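To start, the structure under review is shown below, and the notes come after it.
The values are calculated or read from the model by the stated rules, or taken from the named source; none is laboratory data. This one's a predicted model, so the numbers in the text were calculated from it and none came from an experiment. Ideal geometry is used to build each Cβ from the backbone, glycine not excepted, and the neighbour counts take in all protein chains shown. Protein only, heavy atoms only, side chains kept; ligands, DNA and RNA dropped before computing areas. Shrake-Rupley method; radii C 1.70, N 1.55, O 1.52, S 1.80 Å.
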Amino acid sequence: MGARALAGRIRSGEVSALEVIDNCLAEISKRDSTIHAFVHVAYEKAREEAKEIDAKIAAGEDPGVLAGVPVALKDNLCTKAAPTTCSSKILENWVPPYDATVVTKLKAAGAVIVGKTNMDEFAMGSSTEHSAFGPTLNPRDTSRVPGGSSGGSASAVADGMVTLALGSDTGGSIRQPASFCGVVGIKPTYGSVSRYGLVAFASSLDQIGPLAGNVDDATMLLEVVSGWDPLDSTSLQRPSFILDSVSREGVKGIKVGILNELVDLVDNEVATQVRKAADLLDSEGAAVEDVSMTSIGWGIPAYYLIASAEASSNLSRYDGVRYGLRVEGANATLMNSFTRAKGFGAEVKRRIMLGTYALSAGYYDAYYAKAQKIRTLIIQDFQRVYERFDALLAPTTPSVAFLLGEKLTDPLAMYLSDICTVPSSLAGHPAMNIPFGTASGGLPVGIQIMAPALGEASMLKVAKTLEQASQGGFQ
Ligand code: GLN
């Protein structure tokens with residue numbers, strides 16, 4: 001059942017929030033021993049919160065639009081009531097002293113937080129295999145990865161353990177797992193959702209966004225968590241999104257570009273679905289045309305330099321003094337280095353070294369500064385394209401979900417799985433995944449819809465149209 005309908009039943013007293021949460025917790029304890037979507041389940045706290053919602057309803061108070069709806073949070077979102085580990089040994093058992101703004105907003109809307117989900121350590125990865133607490137499996141095929149880094153959130157939704165989840169997307173970490181697990185995932189415009197309380201990976205790229213079973217639920221969650229926040233200096237000074245009715249307006253007259261460069265480089269089965277989606281939009285009245293963006297192929301090197309450079313700075317705060325793990329040493333320098341050697345996994349160390357190198361004197365111009373120039377070129381290329389189009393269509397991923405272990409020993413192959421998602425991250429633009437049909441093995445294929453900054457309305461109109469066609473069995 002969708003989030004709005006579920007909240008409606010709880011608000012009207014047809015079912016109690018406690019019953020809903022008890023069911024949800026029972027499903028998690030039954031299913032998650034196989035999937036491992038969660039690193040922490042808030043068994044007691046979630047029941048307490050549900051009872052509070054029921055008490056509000058009994059007292060005639062407004063319990064909020066998401067009253068009693070179970071939500072899972074990626075474990076890089078700070079929660080006072082539960083540990084926030086980023087799936088890293090260095091933050092194992094660390095409990096933040098404050099809630100992230102999105103958590104405060106969810107609570108105000110009556111949502112019940114049932115747990116924290118597994119992720120690639122510090123959100124660095126595309127398969128959730130880089131978690132220090134073991135991988136998450138894809139519920140559609142447990143021999144495959146759920147994608148990453150928000151793999152726990154995507155699989156919790158895909159397996160029906162929760163109605164809604166939040167993830168974070170720096171270079172594709174909401175969209176790519178959504179695609180692999182067959183759910184909806186939105187990376188909103190940079191600055192439209194507060195990052196206060198999101199543990200930083202690459203601050204100029206990080207953005208929180210929803211994962212859900214359908215477009216309406218994802219839209220509702222986006223509306224709840226968006227809006228200006230004085231606690232995040234990069235937050236846009238604008239009100240929360242109001243998108244629900246707009247998303248149903250259809251695509252008549254909307255100009256949609258198909259990004260040739262990305263369609264050409266993905267697996268045939270994925271490319272076929274993008275072409276089918278384009279035909280469908282055309283038949284629904286959109287003006288669909290192929291478009292080329294030559295800078296798009298430079299996205300991966302630029303992204304991995306910029307994200308790693310920012311990560312090397314952001315992660316310097318894990319020094320054995322301020323947070324989490326400390327491994328003693330004869331002096332502060334040794335203590336610091338022992339702590340970081342033991343606390344960080346191999347991929348995080350690789351990024352810190354790559355980023356430190358790219359920022360170091362003598363290499364700064366050759367790597368970091370050049371990557372920033374490419375970022376500007378990509379932004380300019382998008383500007384040119386968005387003069388003619390309201391939205392762009394592309395694959396979300398080069399292939400369907402790959403096998404566990406398939407890319408684990410080959411970092412470059414893993415990085416390349418983000419080739420379709422990093423361009424809009426570098427531009428700060430909104431982009432989302434919508435499931436659209438399956439490949440021959442029955443695995444979900446995801447279509448990516450991109451839009452210019454604050455173009456969420458056109459993006460969602462396209463998504464809703466594709467979703468309706470999917471449900472009608474079109475593809
Ligand atoms: N897979 C990309 C990376 O490893 C993106 C991660 C993300 O969006 N957090 O950096």
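Using a cutoff of 8 angstrom between alpha carbon atoms and counting only pairs six or more residues apart, the relative contact order for segment 109-214 works out to 24 percent.
Counting heavy atoms of the protein chains alone, Glu387 has an accessible area of about 150 Å² for a 1.4 Å probe. Distance from the Cα centroid of segment 417-475 to that of segment 226-270 is 9 Å (rounded to whole angstrom).
Counting only residues at least eight positions apart within a chain, or on another chain, the lysines with an alpha carbon under 29 Å from that of Lys105 are Lys45, Lys51, Lys56, Lys74, Lys80, Lys89, Lys116, Lys187, Lys461, Lys464. Accessible surface calculations at 1.4 Å, restricted to protein heavy atoms, place the chain at 36 Å² per residue. How high is the relative contact order of the chain, given as a whole-number percent (alpha carbon pairs under 8 Å, six or more residues apart)? Over the chain, the number comes to 16 percent.
For segment 1-139, a crude dipole built from +1 on the beta carbon of Lys and Arg and -1 on the beta carbon of Asp and Glu, taken about the Cα centre, is about 180 debye to the nearest 20.
For the pair segment 317-334 and segment 125-183, the centres of their Cα atoms are 32 angstrom apart.
Tell me the GluC sites (Glu not before Pro) within segment 8-49 that lie in a loop according to DSSP and have at most 11 other beta-carbon atoms within 10 Å. Those that pass, being in a loop and sparsely packed, are Glu14.
DSSP assigns beta bridges within segment 27-180; of those with both partners inside it, close to 35 percent run antiparallel. Paramagnetic label reach from Met353 (point 7 Å along Cα→Cβ; backbone nitrogen cut-off under 20 Å): within segment 308-340, residues 308-319, 334-340. Between Ala341 and Glu387, the simple label model (points 7 Å from Cα in the Cβ direction) yields a spacing of 5.6 nm. When nucleic acids and ligands are ignored and a 1.4 Å probe is applied, Lys342 ends up with an accessible area of around 140 Å². Could you work out how far the C-alpha centroid of segment 376-404 sits from that of segment 337-375, in angstrom? Spelled out, the Cα-based centre of one part sits 26 Å from the other. Ile379 contributes about 60 Å² of solvent-accessible surface, heavy atoms of the protein only, 1.4 Å probe. Computed per residue of the chain from DSSP H runs no shorter than four, each worth -39500 (n - 2.57), the mean residue ellipticity at 222 nm is -12000 deg cm²/dmol. With all protein chains in place and ligands, DNA and RNA left out, the 1.4 Å accessible area ranks Thr170, Thr409 as Thr409, Thr170, largest first. Distance between the modelled labels on Met1 and Tyr363, one decimal in nanometres: 5.6 nm (7 Å Cα→Cβ projection). Calculated on C-alpha atoms, the gyration radius of the chain divided by its Kirkwood radius gives an Rg/Rh of 0.96. For the chain, the fraction of 1.4 Å probe accessible surface lying on carbon and sulfur atoms is 53 percent. The charge dipole of the chain, taken about its Cα centre with unit charges on the Cβ atoms of Lys, Arg (+1), Asp and Glu (-1) only, comes to about 800 debye.
Across segment 1-57, the mean sequence separation of Cα contacts (distance under 8 Å, 6 or more residues apart), normalised by length, yields a relative contact order of 48 percent. If you sort the three axes of the alpha carbon gyration tensor as a ≥ b ≥ c, you get a/c of 1.5 or more for segment 331-475 and a/b no higher than b/c, which makes it oblate.
Note on Ala55 and Asn268: their simple-model spin labels are 6.2 nm apart, each label 7 Å out from Cα toward Cβ. Compared with the alpha-carbon gap, the fully stretched path from Thr438 to Leu412 is longer by 6.7 nm at 0.36 nm per residue.
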